[in-house]
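The values are calculated or read from the model by the stated rules, or taken from the named source; none is laboratory data. If you're wondering where the values come from, they're calculated on a predicted model, not measured in any experiment. Every residue, glycine as well, gets a Cβ built from its backbone with ideal geometry; the counts of neighbours run over all protein chains shown. With ligands, DNA and RNA removed, areas are computed over all heavy atoms of the protein, side chains included. Shrake-Rupley method; radii C 1.70, N 1.55, O 1.52, S 1.80 Å.
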Amino acid sequence: MITGGAGFIGSHVVRRFLKKYPNYFIVNVDKLTYAGNLANIKDVCTLPNYQFERVDIVDAQAIQAIFKKYNITDVIHLAAESHVDRSIEGPMDFVMTNVVGTVNLLQAAKDSWSGDLQNHVFHHVSTDEVYGSLGEDGLFTEKTPYDPRSPYSASKAASDHFIKAFYHTYGLPIKLSNCSNNYGSHHFPEKLIPLMIHNIQHNKPLPVYGKGENIRDWLWVEDHASAIDAIFHHGRMGESYNVGGLNEWTNIELVKHLCSLMDQKLGRPKGESEKLITFVQDRAGHDKRYAIDASKLEEELGWTPSISFEEGLSKTVDWYLENEAWVNQVTSGAYQAYYENMYGSK
Ligand code: NAD
Ligand code: DAU
């Protein structure tokens, strides 16, 4: 079972596993919220080793039923409410999906695998935001104490604690990964990089929060998928692994870099797109800096990022310019109506 497989990162994980492991039968469990879109995996959804189930992980009975129906052997859990700004507007969806939904999955796995725990894996995909905010120096390691500061990161931290609690209390075979900011194709355009690409393309203001001095550590989404693959198969049981590529950028430097890249790609005069930068009110409780030390993952499992940020960003911009129909679909809300029509009665 892969949860959240119609979302940004989940779709890359589903695609990688379906193609690389044709002997695995993958059940993609996703509620299809505004962030879930079956178009994200349309290139692989007809493969014989794939099945989609529109299920809300908050629905404990429905989750138990999926475990029984498919005799689920392993879980990679990505389904979540993922956007910090939305969590500030309304925390309760984050509590329900990220905390209650995760505990429902853990409970179903425990019930279903009892007596045979050693032959299964429950891999929980989490975030570096659980560690809080860094100052000028230092990196998050797996030993950094949890210090979540937004409703989103508090809900992810709570889910991580439940994952570890089920390991220690019931011996559930869990693995946990905490990754830095991802970028790449199929990223919902409410997040910084796809939002900026969209707005640059359409000559709309580029809303930079505060002074743009906050720092994020960016990783190519397919490198996150390869890290999940490595940890799921070879990581030690009960362990956390940090995932990141030592690639820190202030938001303003990143937005300027995107402007210059897109000036070249769109044939605009140098400096043209930067004029769109607009400083807006800062995010409440805005974490200053995230940066990941991934040496445990590199040393134990031999994982390394596959491409440079410049190359990944260039590919990402190309993907968005070539897939405007996808962006229009996810931003117009038309796809929501389509899926209500397709799956509303299920
Ligand atoms: P996303 O918002 O793009 O996708 C989330 C998916 O989960 C969607 O398909 C959505 O429909 C589904 N979902 C939401 N609520 C659900 C529910 N109640 N039941 C079933 N499905 C539900 O998120 P993403 O950016 O792909 O993140 C995936 C996971 O990775 C999350 O757990 C997130 O916390 C974690 N993560 C994200 C990043 C990042 O930079 N995006 C970095 C580190 C970790
Ligand atoms: O670190 C991992 C996390 O990265 C994931 O767990 C989250 O799911 C994911 O959404 C992401 O969280 P961020 O809050 O870091 O990502 P976001 O793209 O929302 O913002 C990145 C930075 O850009 C942040 O400092 C806020 C800033 N920002 C964002 C938006 C949307 C702006 O300045 N302007 C904007 O319009």
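In what sequence, largest accessible area first, do I252, I228 appear using a 1.4 Å probe?
I252, I228
May I ask you to order 266-275, 75-84, 322-331 by the average number of other C-beta atoms within 10 Å around their residues, highest value first?
Working: 266-275: 12.9, 75-84: 24.1, 322-331: 14.7.
Taking the mean over residues of other Cβ atoms within 10 Å, the ranking is 75-84, 322-331, 266-275.
Show me the ranking of peptides 237-247, 280-290 by mean Cβ neighbours inside 10 Å, starting with the highest.
Packing proxy ranking, top to bottom: 237-247, 280-290.
Mean residue ellipticity at 222 nm from the helices of the chain, using -39,500 (n - 2.57) per DSSP H segment of n ≥ 4 over the full residue count, to the nearest 500 deg cm²/dmol?
About -12500 deg cm²/dmol.
In whole angstrom, and with the biggest value first, how far do the Cα coordinates of segment 226-346 range along each principal axis?
Sorted from largest, the Cα extents of segment 226-346 read 49, 48, 33 Å.
Keeping all protein chains in place, calculate the accessible area per residue for the chain (probe 1.4 angstrom), answer in Å².
43
Quick one: what do you get for the chain if you divide its Cα Rg by 2.2 N^0.38 Å? Spell out each step's value before the answer.
Numbers: Rg = 19.7 Å, N = 346, 2.2 N^0.38 = 20.3 Å.
That works out to 0.97 for the chain.
Starting from the amide H of Y50, placed 1.01 Å from N in the peptide plane, find each other amide H under 5 Å away whose residue is 5 or more places distant or on another chain.
Sorted by chain and number, the residues that satisfy this are I26.
Which pairs break 24 Å Cα to Cα here: K19/K42; K191/K288; K156/K211; K31/K191; K156/K296?
K156/K211
Go through segment 64-69 residue by residue and turn each phi into a ³J(HN,Hα) via Karplus (6.51, -1.76, 1.60, θ = phi - 60°); whole Hz please, and just put x for glycine and proline.
With coefficients 6.51, -1.76 and 1.60, one gets 4, 5, 5, 4, 5, 4 Hz.
Once you keep just the Cα pairs under 8 angstrom separated by 6 or more residues, what percentage relative contact order results for the chain? Mind dumping the intermediate values first?
On the way: 614 pairs, mean separation 61.2, N = 346.
This gives 18 percent for the chain.
Which sequence of T46, T102, T304 reflects their accessible areas, 1.4 Å probe, from the largest down?
T46, T304, T102
Roughly how many Å is it from the Cα centre of segment 257-273 to that of segment 157-225, as a whole number?
Centre-to-centre distance over Cα atoms comes out at 26 Å.
How large is the dipole of the chain about the Cα centre if only Lys and Arg carry +1 and Asp and Glu carry -1, each at its Cβ, rounded to the nearest 20 debye? Display every interim value, and only then the final one.
Details: 32 positive and 43 negative charges, 134 e Å.
Roughly 640 debye for the chain.
Through the Karplus equation 6.51 cos²θ - 1.76 cosθ + 1.60, θ set to phi - 60°, convert the phi angles of segment 310-316 into ³J(HN,Hα) values in whole Hz; use x for Gly and Pro.
3J(HN,Hα) across segment 310-316, in whole Hz: 4, 5, x, 5, 5, 4, 5.
What list of ³J(HN,Hα) values in whole Hz, one per residue of segment 240-250 in order, does the Karplus curve 6.51 cos²θ - 1.76 cosθ + 1.60 (θ = phi - 60°) give from phi, with Gly and Pro shown as x?
Working through the residues one at a time gives 9, 10, 7, 10, x, x, 6, 9, 8, 9, 6 Hz.
Express in whole angstrom the spacing between the alpha-carbon centres of segment 13-41 and segment 43-118.
Value for the Cα centre distance between the two parts: 13 Å.
When only C-alpha pairs under 8 Å and at least 6 residues apart count, what is the relative contact order of segment 55-202, in percent?
Reported as a whole number, the value is 27 percent.
In terms of solvent-accessible area of protein heavy atoms at a 1.4 angstrom probe, what is the ranking of D147, D128, D293, highest value first?
Ranked from most to least accessible, the order is D147, D293, D128.
Can you list residues whose amide H is under 5 Å from I215's amide H, if they're 5+ apart or on another chain and H is modeled 1.01 Å from N?
R289, Y290
With all protein chains present, how much of the accessible area of the chain (probe radius 1.4 Å) comes from carbon and sulfur, to the nearest whole percent?
On the way: 7580 of 14840 Å².
Here it works out to 51 percent.
Kindly provide the pair-distance distribution of segment 113-223 built from C-alpha pairs, with 10 Å bins from 0 and whole-percent values in order of increasing distance.
Binned Cα distances yield the sequence 11, 33, 31, 17, 6, 2.
Explain nothing, just the number: dipole magnitude of segment 43-114 about its Cα centre with +1 on each Lys and Arg Cβ and -1 on each Asp and Glu Cβ, in debye rounded to the nearest 20.
320
Considering only DSSP beta bridges whose two residues both sit in the chain, what percent are antiparallel, to the nearest 5?
Counting only bridges with both partners in the chain, antiparallel ones make up about 10 percent.
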